[in-house]
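The values are calculated or read from the model by the stated rules, or taken from the named source; none is laboratory data. Every value quoted in this text rests on a predicted model; they were computed, and no experiment measured them. Cβ placement follows ideal geometry from the backbone for every residue including glycine, while neighbour counts extend to all protein chains displayed.
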Amino acid sequence: MTDNTFHSGFVALVGAPNAGKSTLMNHILGVKVAITTSKPQTTRNRILGVHTIENVGQIAFVDTPGLHRSKKRLNKALVQTALDAMQDVDAIAYVVDVAALANASEEGQERLREQEAVVLHALENVSAPVFLVLNKVDAVREREKILPIMEEFAKLREFIAMVPVSAKDGTQVDALVRDILGALPDQGMIFPPDMLTDQAERFIAAEFVRQEIMKLTSKEIPYSVAIEVDRFHDSPNGDVLEVSAVIHVERDSQKGIIIGNKGAKLKTIGINARKEMERFFGRKVFLETFVRVESEWSENPRSLNRFGYKS
Ligand SMILES: Nc1nc2c(ncn2[C@@H]2O[C@H](COP(=O)(O)OP(=O)(O)OP(=O)(O)O)[C@@H](O)[C@H]2O)c(=O)[nH]1
Ligand SMILES: [Mg+2]
């Protein structure tokens, strides 16, 4: 930023699954607004995160599900959500896992290039300036590999800037924020300065439950759960937030796995999710969880809509 005027605008965070989009947004906001896990397709909705720097500017980040190819109905809904969120923004931050690219074998690189080609294809239809964010530099084993990767991307499309960052340890994140602000319109605030997100509290609570399930399960289970929070209110004396979450799975066998031996897994999921909620909502939480089978919900348009996924 070289001038003294206030800049603001919407910035979509896009990229392949697992690139670190949500981690980057959370790092900039200083609060976990979007859940993150080491598994792909963690984010399923458009998630607003507002970052305001007094007298300088305001960035309304729009975190999106990772762009990828899939024939499954839930996955297509996620991709459509991301594609829609990319329209009508003032700038786009295209987040790439540069560590995966730099550390991969030749064979692995081929697959990663194909993944990025899906994102680059989606970017063909946008007119907003695109920042290339080369994330996870902390995990790159040979630093000299970063420059050739940047040169390769430069041949594929125009970028307003390319910024290597680490969303994990914060390397160069401030520089990225400054660069983005510089590209935004010279205008006042869009949202009140203390606003963080437009996500309903119930949604955030449901997401914390889903995060812990994604972390503690494997194979198809992380992709077979949808959470509904059916109760979210203060206790009668006001000192505890009472939350009740229904975990929908697709099959009986999945229900058993999530509950675990003598309920042990569900208990751990509940404890971990409650801790995240207590941190976020800033008060004591009482969390109840139930597991229900809703057969093949991820292929059913009505269920997808009910759980808040476009179809
Ligand atoms: N080493 C390292 N890991 C990172 C960095 N940023 C994110 N990660 C990790 O990468 C994984 C994916 O992060 P997310 O933020 O969930 O990725 P995402 O792009 O939002 O993924 P989807 O929502 O699935 O599209 C998590 O395990 C993060 O901890 C980074 O800068 N360095
Ligand atoms: Mg995400």
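Every condition in (1) surrounded by fewer than 21 Cβ atoms within 10 Å (Cβ to Cβ); (2) touching a residue at least 12 places away in the same chain (Cβ under 8 Å) is met by residue 206 except one, and the failing one is (1).
Among the residues in region 64-76, are any in contact with a helix residue (DSSP H, G or I) (Cβ under 6 Å, 6 or more places away or on another chain), away from ligand 2 (no atom under 16 Å from the Cβ), in the same structural domain as residue 142 (by TED's automatic domain parsing) and farther than 21 Å from residue 122 by Cα? No, there is no match, as no residue in region 64-76 is in contact with a helix residue (DSSP H, G or I) (Cβ under 6 Å, 6 or more places away or on another chain), away from ligand 2 (no atom under 16 Å from the Cβ), in the same structural domain as residue 142 (by TED's automatic domain parsing) and farther than 21 Å from residue 122 by Cα. Give 276, 228 a once-over and let me know the one that is in a helix (DSSP H, G or I), in contact (Cβ under 8 Å) with a residue 24 or more places away in the chain and buried (at least 18 other Cβ atoms within 10 Å of the Cβ). Just a single option satisfies the conditions, and that option is 276. Considering region 2-27, and only residues there that are more than 6 Å from ligand 1 (Cβ to nearest atom) and either part of a helix (DSSP H, G or I) or acidic (Asp, Glu) (or both), the residue that is nearest to residue 181 (Cα to Cα) turns out to be 3. Checking each residue of region 48-56 against the condition of being at pLDDT 95 or above, among the aliphatic types (A, V, I, L, M), surrounded by 23 or more Cβ atoms within 10 Å (Cβ to Cβ) and within 15 Å of ligand 2 (Cβ to nearest atom) gives no match. On inspection, residue 62 fails the criterion of being under 15 Å from the mean Cα position of the chain (by Cα), surrounded by fewer than 20 Cβ atoms within 10 Å (Cβ to Cβ) and over 30 Å from residue 148 (Cβ atoms). Considering only residues in region 41-72 that are hydroxyl-bearing (Ser, Thr, Tyr) and in a loop (DSSP other than H, G, I, E, B), the one that is farthest from residue 175 (Cα to Cα) turns out to be 70.
If you check residue 80 against the conditions, is it surrounded by fewer than 17 Cβ atoms within 10 Å (Cβ to Cβ), within 19 Å of the chain's Cα centre (by Cα) and not in a helix (DSSP H, G or I)? Considered against the rule, which asks whether it is surrounded by fewer than 17 Cβ atoms within 10 Å (Cβ to Cβ), within 19 Å of the chain's Cα centre (by Cα) and not in a helix (DSSP H, G or I), residue 80 comes out as no.
Return the residue satisfying two criteria in turn: it lies in region 157-171 and is surrounded by fewer than 15 Cβ atoms within 10 Å (Cβ to Cβ) and free of Cβ contacts under 8 Å to residues at least 40 places away in the same chain, and of such residues it is nearest to the chain's Cα centre (by Cα). The extreme case among them is 169. Pairs linking a residue in region 234-262 that is over 27 Å from residue 201 (Cβ atoms) to a residue that is at pLDDT below 95 and not in a helix (DSSP H, G or I), with Cβ atoms under 7 Å and 6 or more positions apart or on different chains, do not occur.
If we keep just the residues of region 5-31 that are under 13 Å from the mean Cα position of the chain (by Cα) and among the small types (Gly, Ala, Ser), which is nearest to ligand 2 (Cβ to nearest atom)? Top of the filtered list is 22.
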